[in-house]
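Working notes, structure below.
The values are calculated or read from the model by the stated rules, or taken from the named source; none is laboratory data. Treat the numbers as computed from the prediction; the structure is a model and nothing was measured. All Cβ positions, glycine included, derive from the backbone under ideal geometry; neighbour counts span all protein chains shown. What goes into the accessible areas is simple: the full protein's heavy atoms, side chains included, and nothing from ligands, DNA or RNA. Shrake-Rupley method; radii C 1.70, N 1.55, O 1.52, S 1.80 Å.
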Amino acid sequence: MDFSNQTVIVTGGTRGIGRGICEAFLAKGALVIATYAGNETAALKMKEDHQIYGDKLVIKKCDVRDEEAVIAFYDFIEKTYPKIEVLVNNSGIRKDQITAAMTLSEWNDVISTNLTGTFLMSKHAVLAFMKNRYGRIVNMSSIGGALGLPGQANYAASKAGQIAISKSLSKEVAKRGITVNNICPGFIDTELLSDLPEEQRKEYMKDVPMKRFGKVSEVASAVLFLASKEASYITGASLEISGGL
């Protein structure tokens, strides 16, 4: 899986799984554009920690919920780079609350980031991909979309929605050499889980047949495959990385 001379966009690419995905693509020779919403500290640290890659790593602020911001982002891409080959929709947030107590703001914030962001970034990526009759979109969904964990109605709906979007979009663009697939991680050891109480972490781990949380590198390896030329006949698919959940 060689990504030399390919340009890869990873949304939410400065922390957690997104950062690990960026590192995996950089190691395989890609030029990586990592977006972030507002955490300037994490963005600066990402750049500082990977100075060895120089101009191969570009950090760009972009609110994936805002179509004007997304259009401006793709205008920048079009003017700066000859083409893009890969989009990884990784931007995502959680705002857990039982459904009866969930506010409309908690619902909308999660849906707009996780689902609307995927729609907007994919829509404009496809327009760029079609010019070259090639492209790879990988959505970072979650097993939560199928399991529906308590307190995560907003998150589960957004992740199930990503899979639904990819099913439709994959059929629309298949003839253009564009594939659209999903990665559905289970419990991966990142800061997204770090805010859970220790007892809850232990309970979740008991449910995993492998009795451990997954590693970011294990998720990144799967993303690389689905984003590669070798995965040319896989589209509209969802790959679970959950330790057997």
(Q) As an exercise, find the ratio Rg/Rh for region 41-128 from alpha-carbon atoms, using the Kirkwood inverse-distance average for Rh. (A) 1.05
Q) Roughly speaking, what is the centre-to-centre gap between region 175-245 and region 86-149 when only Cα atoms are used, to the nearest Å? A) 15 Å
Q) Using alpha-carbon pairs under 8 Å, 6+ residues apart, how would you state the relative contact order of region 77-163 in percent? A) 42 percent
Q: Enter the angle in degrees (range 0 to 90, nearest 10) between the Cα long axis of helix 67-80 and the first principal axis of the Cα atoms of the chain, meaning the one along which they spread out most.
A: 40 degrees
Q: For region 152-245, run through the trypsin sites (Lys or Arg not before Pro) and keep only the ones in DSSP coil with at most 15 other Cβ atoms within 10 Å of their Cβ.
A: LYS211, ARG212, LYS215
Q) If you line up the long axis of helix 216-226 against the longest principal axis of the chain, both from Cα atoms, how many degrees apart are they, to the nearest 10? A) 50 degrees
Q | Cα pair distances exceeding 18 angstrom across region 1-50, given as percent | A | 22 percent
Q | Surface per residue (accessible, 1.4 Å probe) for the chain, Å² | A | 48 Å²
Q: Kindly identify region 29-70 as rounded, prolate or oblate by the Cα gyration tensor criterion: order the square roots of the eigenvalues as a ≥ b ≥ c, call it rounded if a/c is under 1.5, otherwise compare a/b with b/c, prolate if a/b is larger, else oblate.
A: oblate
Q) Given a cut-off of under 8 Å on Cα pairs at least six residues apart, what relative contact order in percent is computed for the chain? A) 20 percent
Q | For region 163-232: relative contact order, % (alpha-carbon pairs under 8 angstrom, 6 or more apart) | A | 31 percent
Q) For the Cα atoms of the chain, what angle does the longest principal axis make with the long axis of helix 16-27, in degrees from 0 to 90, nearest 10? A) 30 degrees
Q: Subtracting the Cα-Cα distance from 0.36 nm times the residue separation, let me have the gained length for VAL208 to ILE98 in nm, one decimal.
A: 37.3 nm
Q | For region 7-92, projected area of the alpha-carbon convex hull averaged over all directions, nm² | A | 5.1 nm²
**Q.** In region 164-245, the chymotrypsin sites (Phe, Trp or Tyr not before Pro) that fall in loop regions by DSSP, at most 15 other Cβ within 10 Å
**A.** TYR233
Q: Collect residues whose amide H, placed 1.01 Å from N in the peptide plane, falls under 5 Å from the amide H of ILE33; neighbours closer than 5 in sequence don't count.
A: VAL8, ILE9, VAL10, VAL58
(Q) Against the empirical 2.2 N^0.38 Å scaling, what ratio does the C-alpha Rg of region 155-220 come to? (A) 1.46
Q. If you take the Cα Rg of region 93-245 and divide it by 2.2 N^0.38 Å, with N the number of residues, what do you get?
A. 1.10
